[in-house]
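Inspection log for the structure reproduced underneath, given as structure tokens.
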Amino acid sequence: MRFKNPIMGVVLGTALLGAGISNAFAADETLRSLAEKNGIYIGAILNSQWFSGGLPANYEQIHKAQFNIVVAENEMKFDATEPQEGRFSYGNGDKMVKYAQQNGMRVRGHALAWHSQVPGWVNNYRNDKQKLLKVLKNHIQNVVSHWKGKVAEWDVVNEAISNNEPMWRSQSVWYQGIGPEFIDSAFVWTHAVDPDAELCYNDYNLEQGINSKAKAGFLLEQVKRWVKNGIPIHCVGSQTHVEDTTTDKHFIGSPDSLRSLAKELAKLNVKLKITELDIGFKSGVNVSKKDLERQGETFRQYLDIILEEPNADTYLIWGVSDKWSWLSGLNRQKGLIYDDNLKPKPAFDSILVRLQNFEPPQDTTKKDTTAKDTTVKDTTKKDTTVKDTTKKDTTEAIAKIASRATVSAYVAGRTLFVTGLGLKTTAKVDLFDMQGRPVFSTQSENGMVDLKNISEGYYVVRITAGSAKTVQRVNIK
Ligand code: G3I
């Protein structure tokens, strides 16, 4: 159901929120169906309790009805997947992958190289650099190849930047034992095993500004270096664990800051994803209906980044219901979009209404030069030959490769135009729907493709012209 008059949608939505009638018009529309219409992924973790069957049946019903991307709260982490050296444990991760396949969901893998949730046996090697390099490489090779083709994107490196100053986090077995080159190496090793997977650097506090003293400012410099050196990084995951501003007066993060990061990353052809969103209130404070409405407004502001920035495609919440949330460990509460009884909160409505009423900007087809859809991977980043850094152990050891695509496409009327072909006059054009299903393929001899037989909607187009390739989203109207 799409409101004929968008203003009516906003008015009705606002009235419903004001009346506290939650989710009154969601019967035939879900966050998921609306996200798909808008060409984005919306998701929530599967909480650890789900894996042991410890959650009520409506948890899963809600999860699969409302979300089209999923990540495991703990089950793909190092301690879960390699609890003993060389003995891999994939049962829980496989369970989630099967669930995702049965329900047509995309899978995020979280996380390969992280200082936390590392099993005790790894620490035995903290003074043996060569051994630690082998341990990390072996872990990545096993885990990534086990889920190759099933996990669409990985948090390759998680939380490697210090909270206090713009530098790498020193309290990490990988940093202490190997040095910062563990980061470049982790990306290289992951890409070598699964060149189709999207590879992210994931961290928190990235919504706190992009100046040189802020975490995101430091990260941006690293992303520039990675891109320049051909390190296969495709996305930055902003965890976005934030606190409501009324209970934390000193909280300095904002959706605007995160949007600035997205814009800077776009210049590098790197995506921004919101990967672990929650917006909590301090524990112990009374949370009023008005507070919950304001919380919904903040959820909406973060969603706007994903809807509006062409290089942003994922909005993932770190939990479903306030009842099962890690936030109490952070002295926060009520940070999710369903309450303790699995009833949608104003934040749910706020997201739903925004998805219902979002109108892509008129010039979106021309603006979309950065790959937006991730069902089909950007192959420009695949054509790279990277060297294994274990042998030299320096980031400099990685060959400079990055040959970026120059071809691009836009739609005008019912014709797709391929630009940047130069002397190459022929381009192979493949069109996919937003679930990654092929719609048609053709060979274009003159840089133009007739789209008159294609139904309206968002698609992903892949252009291949010699060694130049690009993948991008187009809107056919
Ligand atoms: O595995 C043990 C289990 O054997 C034991 O019986 C149980 C008893 O408490 O504890 C289990 O380990 C817990 C683990 O979750 C699995 O349930 C740990 O104590 C607990 O600390 C751990 O917390 C997780 C936390 O990461 C650890 O860093 C949270 O569930 C999880 O939500 C949280 O997720 C992180 C992301 O991975 C990265 N970004 C921040 C985010 C929130 O902290």
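Placing unit charges on the Cβ atoms only, positive for Lys and Arg and negative for Asp and Glu, gives region 3-356 a dipole magnitude near 240 debye about its Cα centre. Diffusion coefficient (Stokes-Einstein, Kirkwood radius over C-alpha pairs, 25 °C, 0.890 mPa s) for region 211-292: 170 µm²/s, rounded to a whole number. By the Stokes-Einstein formula, at 0.692 mPa s and 37 °C, region 3-356 with its Kirkwood radius over alpha-carbon pairs has D equal to 158 µm²/s.
Restricted to Cα atoms, region 119-164 shows a radius of gyration and a Dmax of 13.2, 38 angstrom. You can think of it this way: the chain between Asn123 and Asn142 has 4.9 nm of extra reach, that is 0.36 nm per residue less the Cα-Cα gap.
Accessible surface of Glu308, taken over heavy atoms with a 1.4 Å probe and every protein chain present, rounds to 60 Å². Per residue, the convex hull spanned by the Cα atoms of region 149-251 measures out at 113 cubic angstrom. Figure note: His63, His146 ranked by solvent-accessible area, largest first, 1.4 Å probe, ligands and nucleic acids not counted: His146, His63. Could you give the distance between the Cα centres of region 40-105 and region 268-330, to the whole Å? One Cα centre to the other: 20 Å. Evaluated with a Cβ-only charge set (Lys, Arg +1; Asp, Glu -1), region 104-245 carries a dipole of roughly 500 debye about its Cα centre, given to the nearest 20. Once the chain from Arg414 to Lys282 is taken as fully extended at 0.36 nm per residue, the excess over their C-alpha distance is 42.3 nm. Surface calculation, 1.4 Å probe, protein heavy atoms: Ser455 sits at approximately 80 Å² accessible.
The alpha carbons of region 77-186 occupy a box of 43, 31, 20 Å along the principal axes, longest dimension given first. Students often get this wrong, so check it: of Lys95/Lys148; Lys64/Lys334; Lys37/Lys334; Lys64/Lys95; Lys98/Lys273; Lys282/Lys323, which have C-alpha atoms separated by over 19 Å? From the list (Lys95/Lys148; Lys64/Lys334; Lys37/Lys334; Lys64/Lys95; Lys98/Lys273; Lys282/Lys323), the Cα-Cα distance tops 19 Å for Lys64/Lys334; Lys37/Lys334; Lys98/Lys273.
For region 152-298, what is the percent of antiparallel DSSP beta bridges, rounded to the nearest 5? Around 5 percent of the beta bridges assigned by DSSP in region 152-298 are antiparallel ones. Taking all protein chains together and rolling a 1.4 Å probe, Met167 ends up with roughly 70 Å² accessible.
The values are calculated or read from the model by the stated rules, or taken from the named source; none is laboratory data. Just so we're clear, the structure is a prediction, and the values are computed from it rather than from any experiment. Don't worry about glycine lacking a Cβ; one is built from the backbone with ideal geometry, like all the others, and counts go over all protein chains shown. Accessible surface is based on the protein model in full, side chains and every heavy atom, while ligands, DNA and RNA are left aside. Shrake-Rupley method; radii C 1.70, N 1.55, O 1.52, S 1.80 Å.
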